[in-house]
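Student: One structure, as structure tokens, below. Some questions next.
What follows is calculated from the coordinates using simple rules that are stated; it is not laboratory data. These numbers come from a predicted model, not from an experiment. Every residue, glycine as well, gets a Cβ built from its backbone with ideal geometry; the counts of neighbours run over all protein chains shown.
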Amino acid sequence: MMNRIKELLSRPKNTETLKGDELELAAAALLVEAAVMDGTFDDTERQVVLELLMDRFSLDNADAEQLLSGAEDAIEQSNELYTLARTVKDNFDHDQRVGMIEMLWRVAYADGVLHDYEANLVRRLAGLLYVSDRDSGEARKRVLEQMSIK
């Protein structure tokens, strides 16, 4: 998997049809971006991202770790948030995009505190993913209920 991630990072833009690996990498990179928005990417946030990746993409722990590492590299090498969001938007249906926003809210709340930068990022991504404020708000409420945060 690591070789596939390296290939994706080094491949020129506008190539042939989208492969599942690209979509996974784009989604993982958005989660990492949400995790680092407050200036830290602690173990709690890292574990939440890993669990979300394993659950969403049916990965084992080793593949999720490699995907996370690739996503961290992608975030370091690029600031193309729009391109990542567009990849997700174009390949997820509406319910999956709402699920992505829910995943982003879960990462934003992973440390128990919502930073203004994290909230702003999730709101911007909701717009880029064509998820309404209402759907994003409902996703946020579900996360808060599941995490027992008020």
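Student: Only helices at least 20 Å long along their own axis, judged from Cα atoms, and with Kyte-Doolittle mean hydropathy of 1.0 or greater: name those in the chain from DSSP H. Could the numbers behind the result be given before it?
Tutor: Numbers: long enough: 20-36 (24 Å, 1.18); 43-57 (21 Å, -0.18); 61-77 (24 Å, -0.58); 94-108 (21 Å, -0.11); 133-147 (21 Å, -1.63).
Result, helices passing both filters: 20-36.
Student: For the chain, what does the helix formula give at 222 nm: sum of -39500 (n - 2.57) over DSSP H segments with n ≥ 4, over the residue count, nearest 500 deg cm²/dmol? Don't jump to the answer; show the numbers that get you there.
Tutor: Working: 8 runs with 112 residues, N = 150.
That calculation yields -24000 deg cm²/dmol at 222 nm.
Student: Sequence gap at least 6, Cα distance under 8 Å: using those rules, report the relative contact order of the stretch 92-143 to the nearest whole percent.
Tutor: Details: 36 pairs, mean separation 27.2, N = 52.
Once normalised by length, the contact order is 52 percent.
Student: Still on this structure, I have one more. In terms of the Cα gyration tensor, with a ≥ b ≥ c the square roots of its eigenvalues, is the stretch 95-150 rounded because a/c is under 1.5, prolate because a/b exceeds b/c, or oblate? Write down the numbers at each step before the final one.
Tutor: Working: a/c = 2.02, a/b = 1.34, b/c = 1.50.
Because a/c hits 1.5 or more and a/b fails to exceed b/c, the stretch 95-150 counts as oblate.
Student: Hey, another quick one. What percent do you get for the relative contact order of the chain when only Cα pairs under 8 Å and 6+ apart count?
Tutor: 28 percent
Student: Now for a different question. To the nearest 0.05, what FRET efficiency results for L23 and V113 with a Förster distance of 35 Å applied to their C-beta separation? Before the final figure, lay out the partial values.
Tutor: Values: r = 30 Å, r/R0 = 0.86.
It comes to 0.70.
Student: Work out Dmax and Rg for the chain from the C-alpha atoms and quote the Rg first, both in angstrom.
Tutor: Calculated on Cα positions, Rg and Dmax stand at 14.4, 46 Å.
Student: Multiplying the sequence separation of L144 and S78 by 0.36 nm and subtracting their Cα-Cα distance, what value in nm do you get?
Tutor: Values: separation 66, 0.36 × 66 = 23.76 nm, distance 3.08 nm.
Result: 20.7 nm gained on full extension.
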